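Read through the structure below, which is laid out as structure tokens, and then see the notes.
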Amino acid sequence: MTEFVSGTKSIPHKDEHIFATLSDLSNLEKVRDRIPEDKIKDFTFDSDSCSMNVNPVGTITFQIVEREPNKTIKFATTNSPVPLFLWIQLKPVAEDDTRMRVTVRADLSPLIKPMVSKPLQDGVEKIADMLASLPYSTL
């Protein structure tokens, strides 16, 4: 497994509120307009899973496989060309200051690893930036 880790992001909200928002994927409806349609198409979700068509990869479906209240949300792909695991980790540092990090582990063959490592790392950073910028006070 190859691991891709985002930088640590600071979110000016309580860890409980962030966890409650991110651990229920139906909350994505409130930020659907922030999803770049040129990169992600056919975006669907319910409370425990989300599916999207990502060019040129194809359809990817993530399912929440574990929730550790106010700390971790773990996802696994149920439909993906490459098996992926994604973690969102939260750590409170003050009353309204939570640090977040996104980690992706991918089962990459030695043949495709050099081709997809940079795009995957960039994707992990973009996911972390997008999650950190969500307006949690209004979600």
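No value in this document is a laboratory result; all are computed from the given coordinates. Computed from a prediction, not measured in an experiment: that's the story for all the values here. Cβ sites come from the backbone with ideal geometry, for glycine too, and all protein chains shown count toward neighbours.
Values computed for the structure shown
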{"item": "Assigned charges on the beta-carbon of Lys, Arg, Asp, Glu; the range 1-69 dipole about Cα centre (debye)", "result": "260"}
{"item": "C-alpha long axis of helix 113-132 to longest principal axis of the chain, angle in °", "result": "20"}
{"item": "Signed unit charges on C-beta, dipole axis of the chain, positive-most listed residue Leu120, Ser80, Leu25", "result": "Leu120"}
{"item": "Estimated dipole of the range 21-139 in Debye, rounded to 20 [Cβ of Lys and Arg +1, of Asp and Glu -1, Cα centre]", "result": "380"}
{"item": "Whole-Å semi-axes of the chain's equivalent ellipsoid (Cα gyration tensor)", "result": "24, 17, 14"}
{"item": "Gain on full stretching of the segment that runs from Lys126 to Lys74 - 0.36 nm per residue minus C-alpha separation", "result": "16.9 nm"}
{"item": "Residue among Phe43, Pro110, Pro12 farthest towards the positive dipole end of the range 2-134, charges placed on Cβ", "result": "Pro110"}
{"item": "Debye, to nearest 20: dipole size of the range 97-139, +1 on Lys, Arg Cβ, -1 on Asp, Glu Cβ", "result": "140"}
{"item": "Sorted peptide list for 123-133, 64-74, criterion being average Cβ within 10 angstrom, highest first", "result": "123-133, 64-74"}
{"item": "Calculated [θ] (222 nm, deg cm²/dmol) that DSSP helices of n ≥ 4 give over the chain, each run adding -39,500 (n - 2.57)", "result": "-6500 deg cm²/dmol"}
{"item": "Centroid-to-centroid separation of the range 1-69 and the range 75-109 [C-alpha atoms, Å]", "result": "9"}
